[in-house]
1. Between residues in segment 121-149 that are within 18 Å of residue 75 (Cα to Cα) and residues that are loosely packed, with under 15 Cβ neighbours inside 10 Å, which pairs lie under 6 Å by C-beta distance while being six or more apart or on different chains?
2. Considering (1) at pLDDT below 90; (2) in contact with a helix residue (DSSP H, G or I) (Cβ under 8 Å, 6 or more places away or on another chain); (3) under 18 Å from residue 58 (Cα atoms), say which one residue 162 fails and leave the rest.
3. Just give me the residues in segment 81-110 being in contact (Cβ under 8 Å) with a residue 12 or more places away in the chain, in contact with a helix residue (DSSP H, G or I) (Cβ under 6 Å, 6 or more places away or on another chain) and under 20 Å from residue 136 (Cα atoms), in sequence order.
């Protein structure tokens, strides 16, 4: 017979596996895109640390975005940007004060979209019209929706939430 410590470890693993299976069955199967896997605990720890280190200005956000775009891909760049904006707005809530927004969710969306457009202008040295055209292209919009869904999943995992508001 196994020791009490070993039995506890087995029970803990079994409970975690059962929860994982329950969660995977509960997820809707109608998603039109694949979300990146965030099962690696080291990745989640690093992501949590990254969100806690808030940038002071948009130039530092742009450098982080550029690094992610060059070393990873556009979706990961957008996820990183969302995390940095979350940390930045928690210390500087005035960034969300947008007269054109009906609510906080819309203010966040406007800030996110404007940050992406401003980043593209900065990174490629292009004008506002070209940057907006880039943002509204079907490929970028598809990547943006995937990044938003992925970011919501990360927040659910990190904060133990059932659902994250839009």
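The values are calculated or read from the model by the stated rules, or taken from the named source; none is laboratory data. Source: prediction; values computed, not measured. No Cβ is skipped: glycine too gets one built from the backbone with ideal geometry, and neighbour counts run over all protein chains shown.
1. These pairs meet every condition: 123/66; 146/33.
2. (3)
3. Passing the criteria: 81, 82.
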